[in-house]
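The values are calculated or read from the model by the stated rules, or taken from the named source; none is laboratory data. Just so we're clear, the structure is a prediction, and the values are computed from it rather than from any experiment. Cβ coordinates were reconstructed from backbone atoms using ideal geometry, including for glycine residues, and neighbour counts include every protein chain displayed.
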Amino acid sequence: MENKKHIILICSCLLALLVLTNQSDQTKPDSFAGKSKSKISTPMRSIASVKKSDVQIPLKKEPIRKIIGRSDLPFKPINKIDKKWKSKALSNLSKVWIGDKGIDIEHKNSAVFIKNGIAKNVEHVIVSLVHNNGNPSSFEAYIDSQTGKIVKSWNKTRYESRKPLKVDPTPLGFTGLTVKKQ
Amino acid sequence: MSLRDWTKTFKGNIYALVCILVLPTLFSSCENPTQAKSSSLRSNSTNSGVANGASIYTANPVVLHNNTNLTTPNWSDVLTPAFITDNFYLTKKCGFTENDNNFTTINNCIEVKNDRGVANSSLIQKNGTSWTYTTDSDQFYQVNAFYHVSKIQTEFMKSLAFSRDFVHNRFGVNIPAANPYRLGQNFNYWTYSENDPNSTLQVYSRCYLEELNAFYDPSKNEVCLGWNAQTHPNLRFVQDPSIIYHEMGHVFVRIMMNLRNQYTNGFALEKTAFESDLGELFYDEAGAINEGIADYFSYLTTNRKVIGEWAAGEQARPMNESEVQHQGRIPAKLRYPEYLHYMADDPINALEDIHNAGQIVSHYLVTLTQELKDRCSMMSGLSTTAKQTKARNIGVLLLSETFAELGDMTARGSDFLNPRFVGLALEPIFFTNLNSEEAYLWSQQVNPINFRRFFKTMAKNIKYYISEDLCPEFSIDDSEALLDSYGLLIFKSYNDTGRGINQNFPNSPVTTYNMVDGTNIGGDTFIANQPATLVNEANRTNSVLVSKTLIGLPTDRATAFVIDSQAGIRDFLSQLTFEGKPVQLSEELADPRYNNGNVKISPGEVVAIALNLVNNSNSTMAGVQILGNDWDHMQLKDINKRYVNRSENLTNHSGDIAQWEPCQIGGWPLDTEGGVVYTPQSDYANQVVSGCEFPTRTNKVMDETSLSGPTPTPRYDVDAPQPICMVQSSAANETRWISQDEHRSNLGLSDSECLNSNSTGGGVGLDFNPNECLIRVLPGANQATFGKIDPQKTWTETISSNREDGIAQLNSNSFVAMEVNKWIQPGTVFNCRFRVRFSNCQDCYNANNSGEDFMDFDFAGEAPYKVINFSFTVID
């Protein structure tokens, strides 16, 4: 009988420890892009000073996007944000990449890219590929957050010695119509 | 069980629990692979005797043993004691001094690791005060890699600091300095990333590559020094410091190209949308310049005029005509464009490659440096080492000033009138790369850095900073003569008036000397209204300029080469993707699966086209560039009707739908065929907005105000550049050339049946342009280059006649790619207006043989180019 009490006591202590640990986690700030929010589950003040209706639990929002380009004028992005942008991007790239090894997209940042007053939601990524000869390549890109298409790419890998594309060794040609003698 | 017994058992269990938790931790620290291994790795090596040091190789084995027949690295008796670092790991933060103020990177600027292929490859640490490891071990090579990377990085920092202080502290200022005044404060002395003012360069000393190679990856800021024990058991690229210095040269080029692209706006550090890149395609002159300068950085550190004697073996690249690799073949200088395709180890087989073309750049720079060492009074009496230090300072001064201007994504070119610096209102005044919105497009594609642009700017900086300051013994004539000896005097003026444009006054170009008060920061004054300094034509004896009228499509040979097989186009697109230029195809309307391989252009296909241009002159044309991007070659029929022809606008603005007509260029199309006749106006004041003679000043396509409201109604900008392809319409017994939009309307094609409508369930994109509904030149593959074309030949004839096998291998850079809408009716005739220019062109950069170059916005129009009409019929 006494042993049972000890077991119950130990279990109660463990349960209390679990609850306390969970509470302390909930008071740590969650981090989004540059902003921190805290999620309050239990107000840490006396009951008399806080009304339940005053306790506000912030809604989970989309991360704030970095603005790239001129932002002193009002703007509204011309495209939406699709949570599946990454899988769309992979699908788009797969149409133009025939390597046996897959494509890796590393997400760096979400942004609104403004050019000539036109704003677009984009995802800044690093695209990594491995050639069938085993050599890797990467580049940075902005990807349209709605369509998953690449808007711009830059910073490609620079190799010391490179093999050119092998096209048909006997170049095929055709004579098209010429509008005017050049 | 009693409580006492339970307690005993519990205590016993506690002890067991402690053992279980603690002991593995103790053992795991000994097994941590990042820790220095057991003393066995140190027992066979000789302590360097230098605190925090090691014995390192100062050069590659071939140089150290003076033996070109070495097949295995032999470090016996050739290692030298040297300080490595007093840090605990092979890392360092980089310091920069600006006017005696010291700055340091926030993060490590360099970390050296072992194997890139190992996830979370870690840093080794020293043992006590020694970095000594067994010779030939991985750790030995990591230490050596760190030594050489750190060495050249320190040298570069000092030279960059010299450059910045020199240009901003000198008296007698005549041109604005391109190096930013706040270079140190803005952390511009090192690479930066999206989230960090300084990003860490990771160097992998044993970087496994299946095909042995070395690379610099700017997207991840990594240098990979290749290794493959199976294919090359005795060779690691890290064993050759000249290769390490070459790769670091690419890092320094990146830094210099982006010196102006991270800045403070008075409150916070900001970055431009894109980083500048030097080199876009598999082959282009920008890439060649990048390679030549990377080689040159190796020379600046080693003082040797060859790179890669060990790592490249027989393919070691010389940087001077007297080097043994040339075997006396070069009678005078490695001249442009004659030697663009030349390889020292295989001189009879021409090969278009940026490393080959880059040799002209390295040879010129090494010769220039040698001339300065020999002539300048500031060099007299100095030791070899001291001379090399001064030479390095001058080299970095010239390169940093050149690249800071050419790579400026803010499009200012200097701090002059930089509103963020001088606190002026944000006026749209720009001096390079058109404007801050289009700077990336302009510098990478429309007016990229080619041999002409680079050497013209270098020559300007030599004039002001060397000939008129540091080394008057090297005169402007000497500089021009040297450039000419390399065939590089291919510009007519130094363009040192800095002509820019205030977009608020598009008809009045602005110069640095015509500004309101003519002064700049710190009270520096510029001489007002000074004309551009012209090149002395008497110095131009080897450099040949050719008129653009002499390039075109042949009439007796194939006009183009086409890739339209499924396998061929997939390989091509895949190659572009690997090169960092992926194209994005329209959904369902054009796809490689429709390709039929009949060497024609058919509906639904994605094709690659290489124009078979012929050089009809008696001199070589070099740096040939073919542009297929949108440009200002059409005019609105009614300037007040600008709404894009799309379903939303047809409801509310059906009477104001835009119609575009082709401007008559080179006599085509005739006015009876729909061409708009106009008189070109070289005087900007006489150009009328929206007219054919008025090239767009901003390159805007859409009026942004039409897209920003709650109900967007897309409207064109009045001078919007348009896609290059038009359609032949034969109706009512008359032939007209019309826009793709007009033709698709006649066919009854909806918006979603057009290419690039982006109609993926979210509606047609707001930036959709129906003038590329049917034929679309794909962004990312809308420009092509040819290294050079010999007289009276095409490019393939140029190459094949200079190869033993007689074969011309077209590279990916030779092609542009096009989508062909599957809804095109067979028999439809298209004409695409490509624009062509080349580096040694007489009339591509200025009008009427004048000295002043065209304004940046002129490159949105016809004037700098030869327009090539590529016409074809879509065949089923």
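Any residue at all in region B:549-561 that's under 30 Å from residue A:143 (Cα atoms) and not basic (Lys, Arg)? No: region B:549-561 contains no residue that is under 30 Å from residue A:143 (Cα atoms) and not basic (Lys, Arg).
Surrounded by 14 or more Cβ atoms within 10 Å (Cβ to Cβ), out of contact with any Lys or Arg (no Cβ under 8 Å at 6 or more places or on another chain), modelled with pLDDT of 95 or more and closer than 27 Å to residue A:70 by Cβ: does that describe residue B:664? Steps first, answer last, please.
On the way: surrounded by 14 or more Cβ atoms within 10 Å (Cβ to Cβ): yes; out of contact with any Lys or Arg (no Cβ under 8 Å at 6 or more places or on another chain): yes; modelled with pLDDT of 95 or more: yes; closer than 27 Å to residue A:70 by Cβ: no.
Here the answer is no, as residue B:664 does not meet what is asked.
For region B:334-350, what are the residues that are in contact with a Ser or Thr (Cβ under 9 Å, 6 or more places away or on another chain) and free of Cβ contacts under 8 Å to residues at least 60 places away in the same chain? Matches in region B:334-350: none.
Criterion first (modelled with pLDDT under 50, out of contact with any helix residue (DSSP H, G or I) (no Cβ under 9 Å at 6 or more places or on another chain) and surrounded by fewer than 18 Cβ atoms within 10 Å (Cβ to Cβ)) does residue B:88 satisfy it? Give the derivation first.
Values: modelled with pLDDT under 50: no; out of contact with any helix residue (DSSP H, G or I) (no Cβ under 9 Å at 6 or more places or on another chain): yes; surrounded by fewer than 18 Cβ atoms within 10 Å (Cβ to Cβ): yes.
Here the answer is no, as residue B:88 does not meet what is asked.
The residues of region B:100-116 that are acidic (Asp, Glu) and in contact (Cβ under 8 Å) with a residue 40 or more places away in the chain, listed by number, are B:111, B:115.
Each residue in region B:727-743 was checked for being closer than 29 Å to residue B:697 by Cα and out of contact with any Gly (no Cβ under 9 Å at 6 or more places or on another chain), and 6 of them qualify. Taken over region B:686-738, the criterion of being assigned to a helix (DSSP H, G or I) and polar (S, T, N, Q) is satisfied by B:686, B:705, B:706. I'd like the full set of residues that are among the charged types (D, E, K, R), over 19 Å from residue B:236 (Cβ atoms) and modelled with pLDDT of 95 or more, limited to region B:123-164. The answer is B:155, B:158, B:164.
Which of the following residues is more than 21 Å from residue B:742 (Cα to Cα), surrounded by fewer than 23 Cβ atoms within 10 Å (Cβ to Cβ) and in contact (Cβ under 8 Å) with a residue 60 or more places away in the chain: B:612, B:595? Step through it out loud before you land on a result.
Numbers: B:595 fails: in contact (Cβ under 8 Å) with a residue 60 or more places away in the chain.
After ruling out the rest, the residue left standing is B:612.
Taking the conditions (1) at the interface with chain B (Cβ under 8 Å from one of its Cβ atoms); (2) within 30 Å of residue B:230 (Cα to Cα); (3) among the hydrophobic types (A, V, I, L, M, F, W, C) in turn, residue A:130 satisfies each one other than (1).
If you go through region A:76-119 and pick out every residue that is aromatic (Phe, Trp, Tyr), within 19 Å of the chain's Cα centre (by Cα) and at the interface with another protein chain (Cβ under 7 Å from one of its Cβ atoms), you end up with 1. The lone criterion from (1) more than 10 Å from every other protein chain (Cβ to nearest Cβ); (2) at pLDDT 90 or above; (3) out of contact with any strand residue (DSSP E or B) (no Cβ under 6 Å at 6 or more places or on another chain) left unmet by residue B:852 is number (2).
With respect to (1) in a loop (DSSP other than H, G, I, E, B); (2) within 13 Å of another protein chain (Cβ to nearest Cβ); (3) in contact with a helix residue (DSSP H, G or I) (Cβ under 7 Å, 6 or more places away or on another chain), the lone exception for residue B:576 is condition (1). A search for C-beta distances below 9 Å between a residue of region B:825-846 that is within 14 Å of chain A (Cβ to nearest Cβ) and any residue that is among the small types (Gly, Ala, Ser) and part of a strand (DSSP E or B), counting only pairs 6+ apart in sequence or on different chains, returns B:829/B:730; B:829/B:871; B:830/B:871; B:831/B:871; B:832/B:871; B:834/B:784; B:836/B:552. Considering region B:778-789, and only residues there that are in contact with a Ser or Thr (Cβ under 9 Å, 6 or more places away or on another chain) and more than 11 Å from chain A (Cβ to nearest Cβ), the residue that is nearest to residue B:550 (Cα to Cα) turns out to be B:789.
Working only within region B:114-149, note down all residues that are under 20 Å from residue B:250 (Cβ atoms) and touching a helix residue (DSSP H, G or I) at 6+ places or on another chain (Cβ under 7 Å). Please lay out each step first, then the result.
Taking region B:114-149 and keeping what is under 20 Å from residue B:250 (Cβ atoms), we get B:116, B:144-149.
Across region B:114-149, the qualifying residues are B:144, B:145, B:148, B:149.
Answer yes or no as to whether residue B:792 is more than 10 Å from every other protein chain (Cβ to nearest Cβ), in contact with a strand residue (DSSP E or B) (Cβ under 8 Å, 6 or more places away or on another chain) and surrounded by fewer than 22 Cβ atoms within 10 Å (Cβ to Cβ). When the stated conditions are applied, residue B:792 passes them.
Count, please, the residues in region B:647-672 that happen to be closer than 24 Å to residue B:549 by Cα and either within 13 Å of chain A (Cβ to nearest Cβ) or in a loop (DSSP other than H, G, I, E, B) (or both).
As a first pass, look at region B:647-672 and keep what is closer than 24 Å to residue B:549 by Cα: B:662-671.
Right, trim to either within 13 Å of chain A (Cβ to nearest Cβ) or in a loop (DSSP other than H, G, I, E, B) (or both) and you get B:662, B:664-670.
Looking only at that region, the number is 8.
Quick check on residue B:333: is it modelled with pLDDT under 95 and surrounded by fewer than 22 Cβ atoms within 10 Å (Cβ to Cβ)? Spelling it out, it is not the case that residue B:333 is modelled with pLDDT under 95 and surrounded by fewer than 22 Cβ atoms within 10 Å (Cβ to Cβ).
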